Every structure is written in C-alpha cells, then in structure tokens.
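Structure, as structure tokens:
Each value in this text was obtained by applying a stated rule to the coordinates, not by laboratory testing. Just so you know, these numbers come straight off a predicted model, no measurement behind them. Virtual Cβ from ideal backbone geometry, glycine too; neighbours counted across all protein chains shown.
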Amino acid sequence: MDFIDMLYEGNILPRDIEIPPTDEYKRDSDTLVKCEEQLYELLSAEALPLFQTYSTLTDNINYTLNKENFRIGFRLGAQMMMDVFRSDNQKLTE
C-alpha cells in the first residue's frame with residue numbers, strides 16, 4: 001500500500017506517533033504539574049472555575065496553533081517537492 005492510500009484510509013495518524021520526551025520536556029512537564037497542583041490548592045472556590053476556563057482555552061489555542069503549524073509544514077514540504085520536480089536539472093555543484 002502506498003503512502004497516499006495509507007493516509008486516505010486513516011492508517012497514518014501523526015498525532016498518534018509518540019515522540020520520546022527530552023529531559024527538558026520532562027522537567028518542564030513535572031514543573032507544570034506541580035504548579036497546577038499548587039494553584040488548585042491556593043485558589044478559592046470562586047477563582048477555581050476561572051482558572052479551569054483559562055486552562056481549557058490555553059489548551060484549545062495550543063491545539064489550533066499546532067494543527068496550523070502542521071498544515072503549514074505539510075504545505076511547505078509539498079511546495080519543496082514541487083520545486084524539486086520542476087527544476088531545470090542543473091548540476092548543484094560545479
């Protein structure tokens with residue numbers, strides 16, 4: 001099965017590919033979780049829903065930005081391939 005068929009049939013899902021976290025990612029993720037736990041303890045019952053809304057909106061914005069960056073990257077890669085095939089076959093080194 002070729003790439004286009006696999007993509008069409010849903011056999012390629014980039015979002016499902018696990019990216020091994022770096023040490024920096026692990027550190028930042030752990031710090032984020034600790035900060036969130038502290039905020040949940042410190043925030044009043046009145047402020048907690050506001051923080052939850054803030055967190056949800058932040059996640060939604062990040063999702064949208066990641067999706068758009070993926071689309072842009074895909075288009076740039078396709079444009080690069082189109083340029084390769086349209087080249088005048090000149091030698092790259094002389």
Could you tell me what a quarter of the Cα convex hull surface of the chain works out to, in nm² with one decimal place? 11.0
Alpha carbons only, please: Rg and Dmax for region 45-85, in angstrom. 17.9, 61
Grab the DSSP H runs of the chain that are 4 residues or longer, score each as -39,500 (n - 2.57), total them, divide by all residues and round the 222 nm result to the nearest 500 deg cm²/dmol. -24000 deg cm²/dmol
Among Leu39, Leu13, what is the fewest-to-most ranking by other Cβ atoms within 10 Å? Leu13, Leu39
At 0.36 nm per residue, minus the direct Cα-Cα distance, what do Asp16 and Glu41 gain on full extension? Give it in nm, one decimal, please. 5.7 nm
By average C-beta atoms within 10 angstrom, highest first, the peptides 2-11, 49-58: 49-58, 2-11
